[in-house]
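Quick one: structure below, then a few questions.
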Amino acid sequence: MKIKNNRYDIEINLLDNKPKEDINCFLDPDGIIDSDYIKYVYIKYKEHQDDFYKIRCIICDAHLLGDKYFVLKDNILTLMLNFTILKFDLNLNDIILVKDVDTVACNYELYYIDNDYLIIGEFEITRLDDSFNMIWQWSGLDIFDNVVVDFNKKLIFITEFMNSRSYSITFDGKE
């Protein structure tokens, strides 16, 4: 996936195998390098005016990495990797904050709203502050079938899978 803002061009990929480049750029925030199931988040980026790319690989146990798994705000790239959320500072070329998020099941969307993070998961919606401290968490009765985040109305619309029950909650976590 390629993303950019007014300063950076970034390419992010989730790799099953260690990258072929001879790079000494591995970060292991969860200490899982000896795990049987590891993946590599390959981040290649440069400032618009630069000729050369910087490369970092983050060792993780993420199973997916889609376009809603990261947020780019100024020089901070925030990534949601399974139950781990981290901030990668593009200026420093390093992780500046990492935290495990206490959620019931897989998380599949990450949004940046009002200087906080909103995580959409299979069973739960979680809001974290900018330092990844939990502000609130909301869960329904079943797996979410459909979740729509309406930024204009500041509402999250949720439909559950088995019973088709629908909810709408505010960005403050209230029904």
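Do we find that Y37 is part of a strand (DSSP E or B), among the hydroxyl-bearing types (S, T, Y) and at pLDDT 65 or above in this structure?
no
Right, something else. Pairs only if they're at least six apart or on different chains, beta carbon under 8 angstrom, first in the stretch 146-164 and under 14 Å from I113 (Cβ atoms), second outside any strand (DSSP E or B); list them, first residue then second.
Close Cβ pairs satisfying both conditions: K154/F171; L155/F171; I156/F171.
What strands (runs of 3 or more DSSP E) lie completely within the stretch 56-175 and have 1 or more residues being over 30 Å from Y45 (Cα atoms) and either open to solvent by less than 70 Å² (accessible area, probe 1.4 Å) or out of contact with any Asp or Glu (no Cβ under 8 Å at 6 or more places or on another chain) (or both)?
Ranges flagged: 124-128, 134-139, 144-150, 155-160, 166-170.
Any idea which residue in the stretch 51-93 is modelled with the lowest pLDDT, counting only those that are more than 17 Å from Y108 (Cα to Cα) and among the polar types (S, T, N, Q)?
Checked the stretch 51-93; the qualifying residue modelled with the lowest pLDDT is N93.
In the stretch 126-149, how many are acidic (D, E) and farther than 30 Å from V98 by Cβ?
Adding up the residues that qualify gives 2.
Please count how many residues of the stretch 119-155 are touching a Ser or Thr at 6+ places or on another chain (Cβ under 7 Å) and β-branched (V, I, T).
So the count comes out to 2.
Specify which of the listed residues (K73, K174) is without any contact (Cβ under 8 Å) to a residue 24 or more places away in the chain and either under 23 Å from K2 (Cβ atoms) or basic (K, R) (or both).
One residue alone meets the criteria, K174.
While we're looking at this one, here's another question. Residues of the stretch 66-116 being more than 8 Å from the chain's Cα centre (by Cα) and among the charged types (D, E, K, R), which ones?
Hits for the stretch 66-116 are D67, K73, D74, K87, D89, D94, K99, D100, D102, D114, D116.
Is there any pair linking a residue in the stretch 87-115 that is over 29 Å from K153 (Cβ atoms) to one that is of a type in the set (D, E), with Cβ under 8 Å and at least six apart or on different chains, and which?
Close Cβ pairs (under 8 Å, with a partner that is of a type in the set (D, E)) amount to F88/D94; I95/D89; I96/D89; V98/D30; D100/D30.
The values are calculated or read from the model by the stated rules, or taken from the named source; none is laboratory data. The structure displayed is predicted, hence computed values, not measured ones. Every residue, glycine as well, gets a Cβ built from its backbone with ideal geometry; the counts of neighbours run over all protein chains shown. These accessible areas exclude ligands, DNA and RNA; they are computed on the full protein's heavy atoms, side chains included. Shrake-Rupley method; radii C 1.70, N 1.55, O 1.52, S 1.80 Å.
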